[in-house]
1. Using Cα-Cα distances under 8 Å and only pairs 6 or more residues apart, what relative contact order does the chain have, in percent?
2. Once fully extended, how much extra length lies between A39 and A51, figured as 0.36 nm per residue of separation less the alpha-carbon to alpha-carbon distance?
3. If I take R0 = 22 Å and measure r between the Cβ atoms of R63 and L8 in this structure, what FRET efficiency does the formula 1/(1 + (r/R0)^6) give, to the nearest 0.05?
4. If you roll a 1.4 Å probe over segment 64-154 with all protein chains in place, what percent of the accessible area is carbon or sulfur?
5. With unit charges on the beta carbon (Lys/Arg positive, Asp/Glu negative), name the residue among F88, I35, L65 whose Cα is farthest towards the positive pole of the charge dipole of segment 24-102.
6. Taking the Cα centre of the chain as origin and charging only Cβ (+1 Lys, Arg; -1 Asp, Glu), how large is the dipole, in debye to the nearest 20?
7. Give me the count of lysine pairs in the chain whose alpha carbons sit under 27 angstrom apart, restricted to pairs 8 or more positions apart or on different chains.
8. Can you sort S146, S107 by solvent-accessible area, 1.4 Å probe, largest first?
Amino acid sequence: MQINEYELRQTEDKLMILSQKCKHEVEDAYAKDAIKSVAIINEVYDVMSLAEEHVWLLGLNTRLLVVGLFEVSHGTLNRTLVFPREIFIRLLLCGATSFIIIHNHPSGDCLPSEDDNQLTQRLSDCGRMLGITLADHVVIGNGIFSYAEHKLLE
């Protein structure tokens, strides 16, 4: 199954547009759970070999099929910046009804930090206002931590 990776870019006229960056062949692009979501990202980005924090976004339709795949942030060894507006611009433009945020912890510790908890709450609140559900926030380290599986999403 093909899924599209997009990039947000600015035209010469200073307009922001969402354009298709490339297509990826993924065996099964239905993000049914944290393990499947990580597998989709790993097929494209080889997440286990990265030395800095990265944040990815999966935009989903009502059937949990990936309709947009984005790398939204690339940071340092232990930190990266994520702003809700950058997430929701992409989700609105690709027509997503829900989304999954995935990021790695190069340290290997997959337990979420307080910053991770605050980001999850902000994204959940913003999504609720826009009618776009945060389906999961997944942290990758030596294992996988799923907010949804730990019932930490409202």
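The values are calculated or read from the model by the stated rules, or taken from the named source; none is laboratory data. From a predicted model like this one, the values you see are computed outputs, not experimental measurements. Every residue, glycine as well, gets a Cβ built from its backbone with ideal geometry; the counts of neighbours run over all protein chains shown. For accessibility, only protein heavy atoms count, side chains too; no ligands or nucleic acids. Shrake-Rupley method; radii C 1.70, N 1.55, O 1.52, S 1.80 Å.
1. Details: 297 pairs, mean separation 30.3, N = 154.
Rounded, it is 20 percent for the chain.
2. Values: separation 12, 0.36 × 12 = 4.32 nm, distance 1.85 nm.
Stretched fully, the A39-A51 segment lengthens by 2.5 nm.
3. On the way: r = 25 Å, r/R0 = 1.13.
For R63 and L8, the calculated efficiency is 0.35.
4. Working: 2560 of 4550 Å².
Exposed carbon and sulfur together represent 56 percent of the surface.
5. F88
6. Working: 13 positive and 22 negative charges, 99 e Å.
Value, rounded to 20: 480 debye.
7. Working: K14/K23; K21/K32; K21/K36; K23/K32; K23/K36; K32/K151; K36/K151.
Qualifying lysine pairs in the chain: 7.
8. On the way: S146 0, S107 95 Å².
I get S107, S146, largest accessible area first.
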